[in-house]
Amino acid sequence: MKTIILSFLIILSSSCSVHNNTSQLNNIKRKKIDKIELKEQTRGTNRSFTFNSEYLITVLNENTSNSKVSSSDWENIEKQINLIELSKISSFTAPTTGHYSDQALASTIIVTSNGKTYQSVSFDAGNPPKELAHLYKILQQTIQNKKTTQ
């Protein structure tokens with residue numbers, strides 16, 4: 001009798017766990033990302049990369065160029081953004097401070113989701129807060145891929 005009850009509880013428990021995971025995935029899928037921007041600047045350089053589901057708009061100083069963003073690149077960006085709690089993005093700590101004295105480009109990541117904007121703290125280009133490291137890497141890879149195909 002105890003085995004039957006124990007088995008029933010295990011099945012019920014795992015069923016609830018699967019339901020919770022499915023609910024969390026559904027919540028993640030509901031986040032709509034309008035655009036994401038990566039801005040990098042120092043005294044002599046101003047770079048801006050704006051991603052949306054269709055295009056990457058690159059501004060280097062005052063020169064602008066556009067390129068298509070593949071659906072797989074956009075999906076990778078969206079997946080990574082959905083792993084981040086956007087309301088906390090401004091509280092993530094930069095690991096280094098070279099951008100304070102122009103030793104590095106000052107970078108920020110700005111995410112617009114459902115019409116609301118979330119901005120990270122400034123960080124040294126190439127060295128984002130650990131919570132943004134994977135997203136930063138994906139953005140940089142996408143930018144590099146567009147450079148090599150142009």
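Things worth noting here:
- A dipole drawn for the stretch 50-101 from +1 and -1 charges on Cβ atoms has a positive end, and of LEU60, HIS99, ASN76 the residue lying farthest that way is HIS99.
- Fully extending the segment from GLU75 to ARG43, taken as 0.36 nm per residue of separation minus the present Cα-Cα distance, adds 8.1 nm.
- Between THR64 and GLN144, the contour length at 0.36 nm per residue exceeds the alpha carbon distance by 27.2 nm.
- Centroid-to-centroid, using Cα positions, the stretch 100-130 and the stretch 27-94 are 10 Å apart.
- Amide H contacts of ASN46: ASN61, each under 5 Å away and 5 or more positions distant or on a separate chain (H built 1.01 Å from N in the peptide plane; Pro and chain starts excluded).
- Sequence-ordered 3J(HN,Hα) estimates for the stretch 114-127 from the Karplus curve with 6.51, -1.76 and 1.60 and θ = phi - 60° stand at 6, x, 9, 9, 10, 10, 7, 5, 6, 9, 5, 3, x, 9 Hz, glycine and proline given as x.
- Projecting label points 7 angstrom from Cα along Cα→Cβ for ASP102 and THR117 puts them 2.6 nm apart.
- Cα gyration tensor, the stretch 90-150 - rounded (a/c under 1.5), prolate or oblate: oblate
- The stretch 32-149, relative contact order [Cα under 8 Å, separation at least 6], %: 27
- The stretch 32-149 - charge dipole about Cα centre, Lys and Arg +1 at Cβ, Asp and Glu -1, debye rounded to 20: 60
Laboratory data are not the source of any read-out in this text; all were calculated from the coordinates shown. Note that the structure is predicted; figures quoted are calculated from it, not measured. All Cβ positions, glycine included, derive from the backbone under ideal geometry; neighbour counts span all protein chains shown.
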